[in-house]
1. Per-residue Cβ counts within 10 Å, from other chains only, averaged over B:7-14: what number is that?
2. Using 7 Å Cα-to-Cβ label points, what is the A:Ala291/A:Glu9 separation (nm, one decimal)?
3. Give the average, rounded to an integer, of partner chain Cβ atoms located within 10 angstrom of each Cβ in B:51-63.
4. Measure nothing fancy, just the Cα-based angle from helix A:88-99's long axis to the longest principal axis of chain A, in degrees from 0 to 90, nearest 10.
5. Of the beta bridges DSSP finds with both residues in the protein assembly as shown, what % are antiparallel, to the nearest 5?
6. Fewest Cβ neighbours within 10 Å first, please rank A:Tyr262, A:Tyr65 accordingly.
7. Going by a ≥ b ≥ c, the root eigenvalues of the Cα gyration tensor, does the range A:322-378 fall in the rounded group (a/c under 1.5), the prolate group (a/b larger than b/c) or the oblate group?
8. Once the other residues with Cβ under 11 Å from the Cβ of A:Leu199 are scored (Lys, Arg +1; Asp, Glu -1), what is the net sum?
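Read-outs: derived from the displayed coordinates by stated rules, not from any lab. Note that the coordinates shown come from a computational prediction; the quantities given were computed from them, not determined experimentally. Cβ placement follows ideal geometry from the backbone for every residue including glycine, while neighbour counts extend to all protein chains displayed.
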Amino acid sequence: MSLPELSREEILRYSRHLLIPEVGLEGQRKLKNSSVLIIGTGGLGSPVSLYLAAAGVGRIGLVDYDVVDSSNLQRQVIHGTSTVGKLKVESARVKLLDLNPDIQVDVYNEPYTSENALRIAKDYDIILDGTDNFPTRYLTNDVAVFLGKPNVYASIYRFDGQVSVFYAKEGPCYRCLFPEPPPPGLVPSCAEGGVLGVLPGTIGTLQATEALKVLLGIGEPLIGKLLLYNALDMSFDFVKLKKNPNCRVCGPHADIKELIDYEEFCGVPSHDHSEEGSAGANWDITAPELAERVKTNHLKLLDVREPHELEISALPDAKNIPLGQLAARLSELNTADEMVVFCKGGTRSARALELLTSAGFKKVKNLKGGINAWAREIDKSLPIY
Amino acid sequence: MPVLRIPTPLRAYTDGKSEVAVSGSNISEVLADLTIQYPALKPHLFNEGGDLRPFVNLFVGESNIKDLQGVDTPIKDGEKIMLIPSIAGGMSLRGERLSRRSNLLLSGGRHVTS
């Protein structure tokens, strides 16, 4: 296939690339001719899309259905204060085209699902995994395997990052390393556990680097290798990954031949980004309901957040037992008490409720939306975080 | 003694320690010592049958023990063992999953079919 020519303006724009022999004019034309699909326009998607746009990748696809929230801006640097409340893909498109008007940006303002993923991904050269949840991560992997495309993978948590290139044609896929996800509840998300804002910057730029290497066909991409980064130790460790002969999607006896129900597979919903954690209608109590109840009834309040979160906001008279310690400290609670459990947004407390009900606590409720809902609807002097 | 590197998500169960000195001459013995030192780690590493969970990856040097001799992989004194976790969350709860998952959580992650 003949590569597109560069205009005079493009030659000037990419002059620092053209000076590198490994890229050069031909490499830059390759980039102009190439396309990448970025799943997620968040912490990882921000630096990835900015650098790939700047590098002159001809067509960039962005999949996200979320809107920009001010709590995103600590790390999602493609968005800004002026785009809070706007669609992430639109916010990102404007920024990318400002950075480089010569490229094409295609946006998919929809959840990435088994129904649309193959259709969306089939016309891109490589797929970049910038997702924040296991169902979409397994979906992204399987789509890449079925379409025979490289999946440039990265994931982050607090101070830790992982990067690899999963390309089943030449090496292992994500499932070769992680055949199945951890049970729900064992691994906290960034929304619950937090993430150092610069971490997706570090990891996302490594991910973008790998994408450029794959597109240009230069260097040694991280195929069959996993990079493990820790910001606190400033450590970069590499391990070797091999194809798993028993892999269910890319092994010789693969039995998964088409996309499956990934939410069922992982036991968690992938497309529920509401901060309103819920334990189900029968177990929830809303902030206004709780405000009414405390006027007439003596209720015990159990706060399952981490101690450092109590410095941000707290409810008076609430007992604090962090979720991770709850199973070991059940003896401090009385099954006879009526108890309302809460956390930041209602997710950890819903999990605490599962534990409590299993242990015989019958009179327990989950504060829907957590202390943030209380701060929003009842006590506006409390900050929302 | 061999040293086992603990990833951030599991440091909650090792008193925040990023590395733990463990005794043993193979992976099996090392993990037994690790879970004696930190019992709360056990359900994160093993299923109810006592087998390593499929999402737990242990590397000796650069190699996955699955590509070596599994839990029988010999360990030398001072050798570094890395525990590599699945990271990426995004978890919410749905009411209909409550009962199914409660057993799991109470057992610390082991599937209980009661």
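1. Details: counts 6, 8, 8, 2, 2, 7, 1, 0.
What the average comes to for B:7-14 is 4.
2. Placing both labels 7 Å along Cα→Cβ, they lie 5.5 nm apart.
3. 4
4. 40
5. Values: 30 of 63 bridges.
Bridges in the protein assembly as shown are about 50 percent antiparallel.
6. Values: A:Tyr262 25, A:Tyr65 15.
By the 10 Å Cβ count, ascending, the order reads A:Tyr65, A:Tyr262.
7. Judged from the Cα gyration tensor, the range A:322-378 comes out prolate (a/c at least 1.5, a/b above b/c).
8. On the way: positive: A:Arg75, A:Arg158; negative: A:Asp160.
Charge balance in the 11 Å sphere: +1.
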